[in-house]
Amino acid sequence: MVINPTGEPEVWEPRHQGPNFKFPRLYTPRLMLKQPLDEDRDFLTKLFSDPVVMHYIWDGPLDANRAARYADTIIELTQFSINHGWWVVSRRDDGKRLGLVRLGKYDNIPLDHPWGDDLQIDYQFARSEWGHGYATEALNRILVYAFGWLYQKELPLVLAWTRTDNLQSQKLLLRLGFIQIGTCRDEAKIPNLCYLYELTRERWMGLR
């Protein structure tokens with residue numbers, strides 16, 4: 001399959017419930033990014049309760065019940081999201097689930113906040129899949145989709161954040177072209193001090 005360089009989704013898959021519109025399925029040479037469904041619940045529950053995966057996220061792993069409820073919330077909310085939300089990432093060759101990526105707005109941020117109406121990316125990948133470039137590949141596809149097709153010239157930037165002690169995540173964002181622009185805490189209910197990163201459309205176009 002030839003990946004669409006404009007960012008347009010390769011497949012529009014039907015919803016199982018919610019509004020009468022389809023969800024964008026995305027592909028890369030190695031990966032498929034699809035809407036979270038009930039069949040993904042167990043994988044997501046394990047992801048959110050894994051102490052290694054969640055070490056730098058929120059205040060640590062969720063217990064089994066909270067992880068399952070959060071997985072259910074993501075599955076349900078994605079049925080009603082328009083053009084962006086969460087994608088379950090799996091390998092194309094064997095279908096193995098690898099992680100979860102998201103394009104959306106910061107939670108609990110007033111719109112008049114300096115970055116309250118901006119889009120962000122975030123991600124979690126199973127520990128066994130670290131070190132293979134899957135997160136970089138999946139997030140790059142999300143950025144091509146966001147800048148190149150979804151909003152085109154109307155999207156000025158995308159934000160991301162990571163803990164100040166999460167060196168691997170910082171390296172990943174730099175590989176994608178993000179630049180650190182400051183710190184953040186509390187506004188998004190982040191319990192630890194974090195670095196805030198920005199990727200402008202101009203910079204993204206220049207890197208391409």
Open item on the list: Can you tell me which of (1) modelled with pLDDT under 95; (2) surrounded by fewer than 18 Cβ atoms within 10 Å (Cβ to Cβ) is the one Lys171 doesn't meet?
Closed with: (1)
TODO: Count, please, the residues in region 56-83 that happen to be out of contact with any helix residue (DSSP H, G or I) (no Cβ under 7 Å at 6 or more places or on another chain) and touching a residue at least 60 places away in the same chain (Cβ under 8 Å).
DONE: 6
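The values are calculated or read from the model by the stated rules, or taken from the named source; none is laboratory data. Being a predicted model, the structure only gives us computed values, none of them experimental. Reconstructed Cβ throughout: ideal geometry from the backbone, glycine too, with neighbour counts over all protein chains shown.
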